[in-house]
Structure formats: structure tokens, C-alpha cells
1. What are the ³J(HN,Hα) couplings of region 5-18, residue after residue, when phi is run through the Karplus curve with 6.51, -1.76, 1.60 and θ = phi - 60°? Round to Hz, x for glycine and proline.
2. What are the residues whose amide H is under 5 Å from the amide H of Leu135, where those residues sit 5 or more places off or on another chain and H is modelled from the backbone?
3. Please tell me the relative contact order of the chain in percent, rounded to the nearest whole number, where contacts are Cα pairs under 8 Å and at least six residues apart.
4. By a straight-distance test (C-alpha under 18 Å), which aspartates and glutamates pair with Lys30 as possible cross-link partners, with residues fewer than eight away in the same chain excluded?
5. Just to check I understand the Karplus step: with θ = phi - 60° and J = 6.51 cos²θ - 1.76 cosθ + 1.60, what whole-Hz values come out for region 89-98, glycine and proline as x?
6. Taking amide hydrogens as modeled 1.01 Å from N in the peptide plane, which residues meet the under 5 Å criterion relative to Ile66, leaving out close sequence neighbours?
7. Filter the cross-link list Lys46/Lys73; Lys68/Lys119; Lys48/Lys111; Lys48/Lys75; Lys46/Lys96 down to pairs whose alpha-carbon distance in this structure exceeds 32 Å.
8. Given springs between every Cα pair under 10 Å in a Gaussian network model of the chain, which of Ala76, Ala95, Ala58 has the largest fluctuation?
Amino acid sequence: MTTYELTIPGEPMTKARPRITKTGIAFTPKATKEYETFVRELFFHKHKILLLEGAVKAEIAAYFPIPKSASKKLKALMATEQHPHTKNKDADNIAKAILDALNGVAYADDKQVAELVVKKRYSDVPRVELSLQRLESDA
């Protein structure tokens, strides 16, 4: 089974809620659009167009910067992934930004993602690590 991996540099971003104008028109915030475009272009550059068919398993590991205010002991735990990230930025919204960005590139639609694992951790190197696999079917 082939695994397609991608490292997205920088602090993980979440999918922001759509904004609505005074006239009732909904739009995606600029920062969200730019992040999704960045993720899509990174994936395309590394894997070209790859439309996985059928069910897909996605694993997302989001690494946030270690706070400067943390104690030495806590920083050491964070650096070795022994202290999970439980602060702002919801795991589901991190996944939504990544999965939506890959629509039409990694798969036709993110509804194909049948298994999803999302982890939030700390690191000296903020990033998102993505792994995609096509799930094998017994049929």
C-alpha cells in the first residue's frame, strides 16, 4: 500500500468560518484561502496530480511552537511529544483546512476520507505532517 506524505512548513492553521457580507453573500476569509492554496501547491509540486480513488485514510500531525513562557521541565516534555497541545486551534478545524485544500488534487472530494487521525503536539519546528493512503477493499 502506497503512502503519500507531505510536510507543510509553518504554524498550523485552521479552517475559518465563512464570513457573510451585509448583502448576504458568504465568502471564505483571505488567510484561509491562501493557506489552502499553499497546501494544494505543495502537494501538487511533490506528487503531481494524484486522484486517489475509493476510501482514503488521512493522518495529520500538527506541530505548534513551544511557548517561550513554559518552564524548562515543560519545554523538555513538549519537545519530546510527551505533552500534547491542548490550547487554541481545534483539531477538527486543522483537518478541515488540510482536507479541503486537497479536493481535486489528492482525491476528488474529501468525503472519500473514511479514516482520520489528527494529533496536536509541540515542536521547535512548527509544521503539519500529512500522510494519505488508499484503503484497500475486500470487495
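1. Values per residue, Gly and Pro as x: 10, 8, 10, 9, x, x, 5, x, 10, 9, 6, 7, 5, x Hz.
2. Long-range HN contacts for Leu135: Ala55, Val56, Lys57.
3. 45
4. Glu11, Glu41, Asp100
5. 6, 6, 4, 5, 6, 5, 4, 4, 4, 5
6. Ser123
7. Lys46/Lys73; Lys48/Lys75
8. Highest fluctuation among the options: Ala76.
Every read-out reported here was derived from the displayed coordinates using simple, explicitly stated rules and does not represent laboratory data. The shown structure was predicted, so the numbers you read here are calculated from the model rather than taken from an experiment.
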